[in-house]
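Colleague: Let me begin by handing over the structure; questions about it come next.
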Amino acid sequence: MCSASLPRVPDASAEPEVVGLLRRLIAFDTTNRSPGDAEGELDCARWLVGRLQEVGWEPLLIAPDDAPERASVVLRVTGRDRTLPALLVHAHLDVVPAEPEQWSVPPFAGVVADGHVWGRGAADMKDMAAATLAVLLDWGRSGRRPRRDVVVAFVADEETDGRFGARWLVEQHAGLFTGVEAAIGESGGMVEEWPHRDGHRVRLARVAAGERGTLHVRLTARGTSGHGSRPHEDNAVLALVDALHRIGHHRWPIHLSPLVRAQLAGTAEALGHPVDLDDDAGVERALELLGPAVDAARYTVRAATTPTVLQAGYKVNVIPGTASAEVDVRCPPGYLDQVVARLPELVGDRVELEHTVFEPPVQAPLDGPWFAAMVEAVTAETPGTVVVPGCLGGGTDAKAFSSLGIACYGFSPLTLDPAGRTPGGVHGVDERVPVASLVGGTRVLTRFLERV
């Protein structure tokens, strides 16, 4: 480790409150390695409960009976107008593993240096948890309240499948979310700068209003065992390999959902690029022109079938009787039926197909008060910012909460850093978030929650 190369902020007492909250959250090692191998969430949840109780709130600490260490915290803040539908704010407490030997700083030290807060979870998504907590602490101390009821959920287990977190809450405690019409969570609301066609810089923020579906499948081929020196046609490994070749190399057609169309068109207009999205060639050209400014759009315009796990055999001179594989299948909004119908055709008759995860795509409205309030909150803090909708290529806890009929958005705002620093290292090395972006994002979040 080379942490000595990064200067520490000398006076932590001068930090904005949200920075100290994030540092403390990072210090809880809430690593989630697999559904049955996680740690730290209970200690983190207990700390959150204590901080909230200090300012008069009565949060609920809740966990499955068979996994009491996988704890979540839920709090409902009563709004000034109980006739309005409620809003959910959710942030997960768990993080992916970190390899300390590869980091410049200890991943769970909550180091502040070079204008960033460093540590595992700094940008995914303890920054949003810290900002939300900062708002709640301020409300508790000041007595201010939002217009409508706000339900806050700090949840466990997002980094695997949510079976001990959001999914469990939805399946076992749906009553906690009574009256909730919309939700905000991770992956959206960060202000960035991109070059305009004529050379000036444009401020752009993307709010996630949908996610591709996650349709993981397990493929199993069965055949006749035998001696490796005597090949035969009924070979499970060959049947599986043939199926994987078909499914892995299949080029899914472009399916431009209204959401992704709005993202491409809005980004192109903001950056001064004329585009034609009425045919596949035009879509491909738009993706090439706009590049990183449209983030995951190159993936969200089509389905994907990616083989990721293979299991077969136990000895080199034995033909096994079974072979299996897992395939990560992602489906754009509005394309579920086509994917479900095509998968068995690609796999073929010799291989069994089983869905291990079946989470359809989710979409939220772009018209109405929710999206408009996010736009207003961002542009009030950073005037001139263009806010466009977007679609996530992966998945979040929004899939669980959307099953309750809640319109889920990705909105965990971060503002521009004056020195040009940006978040980095998500799920990788040296994860970090700029201090200025975190502080500005907390102001955006506060404005949104109080005015929506």
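Colleague: With respect to Thr306, is the statement that it is modelled with pLDDT of 95 or more and either aromatic (Phe, Trp, Tyr) or surrounded by fewer than 16 Cβ atoms within 10 Å (Cβ to Cβ) (or both) true? Walk me through it before giving the result.
Modeller: On the way: modelled with pLDDT of 95 or more: yes; either aromatic (Phe, Trp, Tyr) or surrounded by fewer than 16 Cβ atoms within 10 Å (Cβ to Cβ) (or both): yes.
Taking the combined requirement at face value, the residue satisfies it.
Colleague: To continue, here is another question. When the residues of the range 349-380 are narrowed to those that are aliphatic (A, V, I, L, M), open to solvent by less than 60 Å² (accessible area, probe 1.4 Å) and part of a loop (DSSP other than H, G, I, E, B), which ends up farthest from Arg451 (Cα to Cα)?
Modeller: Val357
Colleague: Among the residues of the range 119-158, write down those that are part of a loop (DSSP other than H, G, I, E, B) and among the aliphatic types (A, V, I, L, M).
Modeller: Of the residues in the range 119-158, the ones part of a loop (DSSP other than H, G, I, E, B) are 119-125, 143-149, 156-158.
Across the range 119-158, the qualifying residues are Ala122, Ala123, Met125, Ala156.
Colleague: Please determine whether any residue of the range 244-267 is in the same structural domain as Gln338 (by the TED database), part of a helix (DSSP H, G or I), surrounded by fewer than 16 Cβ atoms within 10 Å (Cβ to Cβ) and touching a helix residue (DSSP H, G or I) at 6+ places or on another chain (Cβ under 7 Å).
Modeller: Yes: the range 244-267 contains one or more residues that are in the same structural domain as Gln338 (by the TED database), part of a helix (DSSP H, G or I), surrounded by fewer than 16 Cβ atoms within 10 Å (Cβ to Cβ) and touching a helix residue (DSSP H, G or I) at 6+ places or on another chain (Cβ under 7 Å).
Colleague: Being open to solvent by 20 Å² or more (accessible area, probe 1.4 Å), more than 25 Å from Pro369 (Cα to Cα) and of a type outside the set (Val, Ile, Thr) is the filter here, so list the residues in the range 431-452 that pass it.
Modeller: Within the range 431-452, Arg432, Ala436 qualify.
Colleague: Could I ask something else about it? When you look at Pro100, is it open to solvent by 10 Å² or more (accessible area, probe 1.4 Å), more than 30 Å from Ala270 (Cβ to Cβ) and touching a helix residue (DSSP H, G or I) at 6+ places or on another chain (Cβ under 7 Å), yes or no? Working first, answer last.
Modeller: Values: open to solvent by 10 Å² or more (accessible area, probe 1.4 Å): yes; more than 30 Å from Ala270 (Cβ to Cβ): yes; touching a helix residue (DSSP H, G or I) at 6+ places or on another chain (Cβ under 7 Å): no.
No: the conditions fail for Pro100.
Colleague: Could you please let me know if Val95 is open to solvent by less than 10 Å² (accessible area, probe 1.4 Å), in contact (Cβ under 8 Å) with a residue 24 or more places away in the chain and within 21 Å of Lys399 (Cβ to Cβ)?
Modeller: On the way: open to solvent by less than 10 Å² (accessible area, probe 1.4 Å): yes; in contact (Cβ under 8 Å) with a residue 24 or more places away in the chain: yes; within 21 Å of Lys399 (Cβ to Cβ): yes.
So Val95 passes the test.
Colleague: Given the condition touching a Ser or Thr at 6+ places or on another chain (Cβ under 9 Å), in contact (Cβ under 8 Å) with a residue 12 or more places away in the chain and under 20 Å from Gly424 (Cβ atoms), answer yes or no: does some residue in the range 160-167 qualify?
Modeller: no
Colleague: Another question about this same structure. Considering only the range 195-205, state which residues are open to solvent by 50 Å² or more (accessible area, probe 1.4 Å), touching a residue at least 12 places away in the same chain (Cβ under 8 Å) and either assigned to a strand (DSSP E or B) or in contact with an Asp or Glu (Cβ under 6 Å, 6 or more places away or on another chain) (or both). Before you say what the answer is, go through the steps one by one.
Modeller: In the first step, residues of the range 195-205 are kept if they are open to solvent by 50 Å² or more (accessible area, probe 1.4 Å); the result is 195, 197-201, 203.
Narrowing the set further to residues that are touching a residue at least 12 places away in the same chain (Cβ under 8 Å) leaves 195, 197-198, 203.
Correct list: Pro195, Arg203.
Colleague: Right, something else. Consider only pairs whose beta carbons are under 6 Å apart and that are at least six residues apart or on different chains; among these, list those whose first residue lies in the range 283-297 and is touching a residue at least 12 places away in the same chain (Cβ under 8 Å) and whose second residue is of a type in the set (Ser, Thr, Tyr) and open to solvent by less than 10 Å² (accessible area, probe 1.4 Å).
Modeller: Pairs that qualify, where the first residue is touching a residue at least 12 places away in the same chain (Cβ under 8 Å) and the partner is of a type in the set (Ser, Thr, Tyr) and open to solvent by less than 10 Å² (accessible area, probe 1.4 Å), are Leu290/Thr267; Ala293/Thr267; Val294/Thr267.
Per-residue answers, yes or no, for (1) more than 30 Å from Leu416 (Cα to Cα); (2) of a type in the set (A, V, I, L, M, F, W, C):
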| site | (1), (2) |
| --- | --- |
| His173 | yes, no |
| Ala183 | no, yes |
| Arg206 | no, no |
| Ala221 | yes, yes |
| His249 | yes, no |
| His255 | yes, no |
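Colleague: Here's a follow-up. Just checking, does the range 286-301 include any residue being hydroxyl-bearing (Ser, Thr, Tyr) and part of a loop (DSSP other than H, G, I, E, B)? Lay out the reasoning, then the answer.
Modeller: Filtering the range 286-301 down to residues hydroxyl-bearing (Ser, Thr, Tyr) leaves 299-300.
Narrowing the set further to residues that are part of a loop (DSSP other than H, G, I, E, B) leaves none.
No, the range 286-301 has no match at all.
Colleague: Check off (1) in the same structural domain as Thr267 (by the TED database); (2) assigned to a strand (DSSP E or B) for Leu346 and give me the number that stays unchecked.
Modeller: With (1) in the same structural domain as Thr267 (by the TED database); (2) assigned to a strand (DSSP E or B) applied to Leu346, the lone miss is (2).
Colleague: Outside any helix (DSSP H, G or I), out of contact with any Asp or Glu (no Cβ under 7 Å at 6 or more places or on another chain) and modelled with pLDDT of 95 or more: is that true of Glu171 in this structure? Outline the logic, then answer.
Modeller: Values: outside any helix (DSSP H, G or I): no; out of contact with any Asp or Glu (no Cβ under 7 Å at 6 or more places or on another chain): yes; modelled with pLDDT of 95 or more: yes.
When the stated conditions are applied, Glu171 does not pass them.
Colleague: Only one residue in Ala183, Ala208 is part of a strand (DSSP E or B), in the same structural domain as Ile62 (by the TED database) and open to solvent by less than 20 Å² (accessible area, probe 1.4 Å). Which one?
Modeller: Working: Ala208 fails: in the same structural domain as Ile62 (by the TED database).
Ala183 is the lone residue from the list that is part of a strand (DSSP E or B), in the same structural domain as Ile62 (by the TED database) and open to solvent by less than 20 Å² (accessible area, probe 1.4 Å).
Colleague: Going residue by residue through the range 118-134, is there one that turns out to be in contact with a strand residue (DSSP E or B) (Cβ under 6 Å, 6 or more places away or on another chain) and polar (S, T, N, Q)?
Modeller: Yes, the conditions are met somewhere in the range 118-134.
Colleague: Asp157 - would you say it is over 26 Å from Gly384 (Cα atoms), touching a His at 6+ places or on another chain (Cβ under 8 Å) and either at pLDDT below 95 or surrounded by 23 or more Cβ atoms within 10 Å (Cβ to Cβ) (or both)?
Modeller: Numbers: over 26 Å from Gly384 (Cα atoms): yes; touching a His at 6+ places or on another chain (Cβ under 8 Å): yes; either at pLDDT below 95 or surrounded by 23 or more Cβ atoms within 10 Å (Cβ to Cβ) (or both): yes.
Answer is yes for this residue.
The values are calculated or read from the model by the stated rules, or taken from the named source; none is laboratory data. As the structure is a computational prediction, the values presented were derived from the model and not from experiment. Virtual Cβ from ideal backbone geometry, glycine too; neighbours counted across all protein chains shown. Ligands, DNA and RNA are excluded from the accessible area calculation, which covers all protein heavy atoms including side chains. Shrake-Rupley method; radii C 1.70, N 1.55, O 1.52, S 1.80 Å.
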